[in-house]
Amino acid sequence: MTNLIILPILIPLLTGAVLICLNKRIMAQRVIAVLSSIGTMIAAFFIIQKVHRDGIQSLNMGSWDAPFGITLVSDMFSALLVFTTSIIAFVCLIYSFKSIGEESEKYYYYPVFNFLIVGVNGAFTTGDLFNLFVFFEVMLMSSYVLLVLGGTKIQLRESIKYLLVNIISSALFVIAVAYLYSVVGTLNMAHISERISKISENGMPGILTVIAMMFLIVFGLKGAIFPLFFWMPGSYFAPPAPVLALFGALLTKVGVYSITRTYTLFFYHDIDFTFQILSILSVLSIVVGVIGALAYWDVKKIIIYNIIVAVGVILYGVSVLNPNSLTGAVYYLVHDMIIKAGLFLLVGILIIITGTSNLKQFSGLMRHYPGLAWTFFIAALALAGIPPLSGFVGKLLIVQGGFEGKSYISAGIVLLSSLLVLFSVMKIFINGFWGQDQTLHGEEKPPVKWLLISPVIMVAISAFYGVNSEVFLPYISQAADTLANPDHYIKAVLKE
Amino acid sequence: MRQPNNMILETALKLLLFFIVLFSIYIFTAGHYYPGGGFIGGLMTAGAIVLLLITYDIKTVQKILPVDYRIVTAIGLLFSIGTSAGALFFNVPFLTHVFTHVEVPVLGDLALHTATIFDLGVYFVVIGVTMTIILTIGEDE
Amino acid sequence: MEILMAFVIGILFMTATYLMLSKSLLRIIIGTGLLSHGAHLLILTMGGLKRGTVPLLGEHAEHYTDPLPQALILTAIVISFGVTAFFLVLAYRSYQELGTDNVEDMKGSEQND
């Protein structure tokens, strides 16, 4: 089927449009949303199989041939991310039923949710630089609405900051695209890569380095790397748990994906400067993220700072640019999306039970919520990368790649960061779950059985992904292989 | 609140509204081969409705045009997505359009194009989104 | 002509930056509007400025301007239209809710959450 790779974009889009009409009927909305997200998941699964069998898939929209029209390209990297996105969307959707509140459900929560998935899947799939911008905007518009939905004071306040940061970064994106267009005269990503390699036969010209830095700023703002993460702890603090899980698991990863894609496809000719900067920034992100995660006593903030650590680890893997580190980066990216979604959902349950996210105000939840406690414990181990859980394999490959690339100090920092990440999440476990049962005396215990389903699914997937890593590694290494050899991508798109 | 003495605007409106809407439809249909299209056509129609809002108040306009603009947006989206997704049934790439020339007795040679339906969707989406935004701010006093 | 455009774009960016650094929310919104104007003009300039022709004049035209930047600008304009509209609604709502349009008062801290 020609149009297979557009289905993960088309299904949520259609669902979103239909759900706008049904905004008063909550049950109908829920059923349709679940069905559509299962459909997306199945479609994404078939795309992975298809890409694994037949190589990179591309679709020229409107039958306009590759460098002229808009092309959608699904290589293994994007197919894996689309599949992970649909799983996370499904799980967050189930979680939303009991936690988001009827008011929001009536106020177009599900349509906007679907449009967000459209944007994320589109950004992962598109093979056209300007189209990437469009899908970014679809995703951002939906995220603005999701962030402000509910309309509490803190949400309004943080939305304004988030909106402003993203408007500026979108303007920079347009500017960067304009510069690149004036240099290479095309927008198709494969075609850009081909033209750039023609221009840079004798080393990359300075203007391309400038453009590479502009892209790093634009995507770095979305992906929250070291100097550009300042907006994240505040803005991600505001929304309710399922939205936070979506944001934490997906939005920053779209930025990471875009950096990876543009740097491995366009700017790989002169890796001395650009990749050096990427490497330094990623290591600094790890350091800053760890410091934040250790310093805060707020459950949400600790996990939010852990996003920055993870972004740093993945981008470090990309910046080393050898087969092992790229494989590790792809593996760790998928792992991190899954486990961050799980952790944020768990934190959401914590906040529902205790009514606060301040770690100093509750303890001893273990007695009444053993299921929650142990799920959190496993999630924490997976996040830190304790074998055999999923974080381990990815980090191992990244560190191995780092040693092969002779950057011992940075790889050492990545290793050390695992330990401190473990400490930061264990801090939640020790203070929140152990100790005196001080919060619940005389109060009614809110039941969390239904809510617990979603994070348990995520943690189970994470464990499965880690234990059976040899099942997934062929797929992951195929993805890394495409990243390492841009020629395959170009050939598949331009059909030369 | 409805202004009691708004004679000039009300009289002008009766004439202008007709022309604006008609012209917006012209712009929309002309957009196939000439400058125009669903986006500016929709904006112009929205402009006409805004003129109506300025002359009367929101309640009166809701009586004249009892539509939920969010639904209009959704219908427009469905039009556009449906036209594009129609390509799926013929196993050609998404967004592929077809067109044919038809000889119509009075109008002569007409190019019928599925992109027009897509553009009609855009037209509705633009009206819906613009009016939703304006009404959201305008609704409370 | 390109030089002139470069100055225009520069002035737009300058004004936008100045406005966005002010405290009033409305000025910030106007600033973002100007910023995207500047970006749109930049696309047009980067595509190369030619005068006296239209984007497409059939297959055998001798002169034509590059249609791609124009298509990009149209898309970018629509997007910035949507974002600005949303920002305006958000600013209005937060003015109602928080009682201020001064971003200085919107700093998040433990006390006023």
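The values are calculated or read from the model by the stated rules, or taken from the named source; none is laboratory data. Values in this document were obtained by computation on a predicted structure and should not be read as measured data. Note that we place each Cβ from the backbone using ideal geometry, even for glycine, and neighbour counts take in every protein chain shown. When the accessible area is computed, the model is the full protein with side chains, heavy atoms only, and any ligands, DNA or RNA have been set aside. Shrake-Rupley method; radii C 1.70, N 1.55, O 1.52, S 1.80 Å.
For the stretch B:48-88, a residue qualifies if it is of a type in the set (Gly, Ala, Ser), touching a Ser or Thr at 6+ places or on another chain (Cβ under 8 Å) and at pLDDT 90 or above, and exactly one does: B:Ala48. Within the stretch B:93-123, being open to solvent by less than 60 Å² (accessible area, probe 1.4 Å), aromatic (Phe, Trp, Tyr) and modelled with pLDDT of 90 or more holds for one residue alone: B:Tyr123.
Tallying residues that are more than 7 Å from chain C (Cβ to nearest Cβ) and surrounded by fewer than 21 Cβ atoms within 10 Å (Cβ to Cβ) within the stretch A:170-182 yields 1.
Only helices (runs of 4 or more DSSP H) whose full extent lies in the stretch A:60-143 are considered here, and the ones with at least 1 residues that are surrounded by fewer than 21 Cβ atoms within 10 Å (Cβ to Cβ) are A:76-99, A:102-106. The test for being in contact (Cβ under 8 Å) with a residue 12 or more places away in the chain and either in contact with a Cys (Cβ under 6 Å, 6 or more places away or on another chain) or at the interface with chain C (Cβ under 8 Å from one of its Cβ atoms) (or both) does not hold for A:Phe136. Going by the conditions given, is A:Leu13 surrounded by 16 or more Cβ atoms within 10 Å (Cβ to Cβ) and either out of contact with any strand residue (DSSP E or B) (no Cβ under 6 Å at 6 or more places or on another chain) or within 13 Å of another protein chain (Cβ to nearest Cβ) (or both)? Criteria met by A:Leu13. A residue that is outside any helix (DSSP H, G or I), more than 9 Å from every other protein chain (Cβ to nearest Cβ) and either without any contact (Cβ under 8 Å) to a residue 12 or more places away in the chain or within 26 Å of A:Phe130 (Cβ to Cβ) (or both) can be found somewhere in the stretch C:64-86.
Here the stretch A:144-157 is the region considered, the condition is being more than 7 Å from every other protein chain (Cβ to nearest Cβ) and touching a Phe, Trp or Tyr at 6+ places or on another chain (Cβ under 8 Å), and the residue that is surrounded by the fewest Cβ atoms within 10 Å (Cβ to Cβ) is A:Val145. Residues that are without any contact (Cβ under 8 Å) to a residue 40 or more places away in the chain, at the interface with chain A (Cβ under 9 Å from one of its Cβ atoms) and within 29 Å of B:Val129 (Cβ to Cβ) within the stretch C:97-109 comprise C:Glu97, C:Leu98, C:Met106, listed in sequence order. Of A:Ser63, A:Ser96, A:Ser37, A:Ser58, which residue is free of Cβ contacts under 8 Å to residues at least 12 places away in the same chain and either within 11 Å of another protein chain (Cβ to nearest Cβ) or farther than 21 Å from B:Phe89 by Cα (or both)? Every option except A:Ser63 fails the conditions. Among the residues here, A:Ile48 does not qualify as away from chain B (no Cβ under 13 Å), open to solvent by less than 30 Å² (accessible area, probe 1.4 Å) and more than 20 Å from the chain's Cα centre (by Cα).
Inside the stretch B:89-141, can you point out the residues that are charged (D, E, K, R) and in contact (Cβ under 8 Å) with a residue 40 or more places away in the chain? Hits for the stretch B:89-141 are B:Asp119, B:Glu139. Checked against the criterion of being more than 30 Å from A:Leu346 (Cα to Cα) and touching an Asp or Glu at 6+ places or on another chain (Cβ under 8 Å), the stretch A:189-200 has at least one qualifying residue.
Evaluating A:Pro242 against the criteria (1) open to solvent by 10 Å² or more (accessible area, probe 1.4 Å); (2) outside any loop (DSSP other than H, G, I, E, B) leaves one unmet condition, (1).
Looking at B:Leu112, B:Leu135, B:Leu120, just one residue is under 21 Å from the mean Cα position of the chain (by Cα), of a type in the set (A, V, I, L, M, F, W, C) and farther than 18 Å from B:Gly42 by Cβ, and that residue is B:Leu112. Restricting attention to the stretch B:126-141, the residues that are facing chain C (nearest Cβ under 10 Å) and modelled with pLDDT of 85 or more total 6. B:Ile75 falls short on exactly one of the conditions (1) facing another protein chain (nearest Cβ under 8 Å); (2) more than 18 Å from B:Gly41 (Cβ to Cβ), and that condition is (2). Contact annotation: residue pairs with Cβ atoms under 6 Å, 6 or more positions apart or on different chains, pairing a residue in the stretch C:38-51 that is more than 9 Å from every other protein chain (Cβ to nearest Cβ) with a partner that is open to solvent by 20 Å² or more (accessible area, probe 1.4 Å) and part of a loop (DSSP other than H, G, I, E, B), are C:Leu49/C:Met1. Checked against (1) open to solvent by less than 20 Å² (accessible area, probe 1.4 Å); (2) more than 7 Å from chain C (Cβ to nearest Cβ); (3) small (Gly, Ala, Ser), A:Gly185 meets all criteria but (1). The residues of the stretch A:217-231 that are part of a helix (DSSP H, G or I) and surrounded by fewer than 24 Cβ atoms within 10 Å (Cβ to Cβ), listed by number, are A:Ile217, A:Leu221, A:Phe226, A:Pro227, A:Leu228. Residues in the stretch A:290-337 that are out of contact with any Pro (no Cβ under 8 Å at 6 or more places or on another chain), charged (D, E, K, R) and surrounded by fewer than 24 Cβ atoms within 10 Å (Cβ to Cβ): 2 in all.
Please tell me if A:Leu164 is closer than 25 Å to B:Leu77 by Cβ, among the hydrophobic types (A, V, I, L, M, F, W, C), out of contact with any Asp or Glu (no Cβ under 6 Å at 6 or more places or on another chain) and assigned to a helix (DSSP H, G or I). No; evaluated as a whole, the condition is false for this residue. Filtering the stretch A:466-496 to residues that are β-branched (Val, Ile, Thr) and open to solvent by 70 Å² or more (accessible area, probe 1.4 Å) leaves A:Val467, A:Val471. Among the residues of the stretch A:237-260, just one is closer than 25 Å to A:Ser96 by Cα, at pLDDT 90 or above and of a type in the set (Phe, Trp, Tyr), namely A:Phe247. Of the residues making up the stretch A:263-289, those that are open to solvent by 10 Å² or more (accessible area, probe 1.4 Å) and aliphatic (A, V, I, L, M) are A:Ile271, A:Ile277, A:Ile280, A:Leu281, A:Val283, A:Leu284, A:Val287, A:Val288. Considering the stretch C:5-52, the residues that are assigned to a loop (DSSP other than H, G, I, E, B) and out of contact with any Asp or Glu (no Cβ under 9 Å at 6 or more places or on another chain) include one that is least open to solvent (accessible area, probe 1.4 Å), namely C:Ser22.
The set of residues in the stretch B:19-39 being at pLDDT below 90 and more than 15 Å from B:Gly121 (Cβ to Cβ) consists of B:Ala30, B:Tyr33, B:Tyr34, B:Pro35, B:Gly36.
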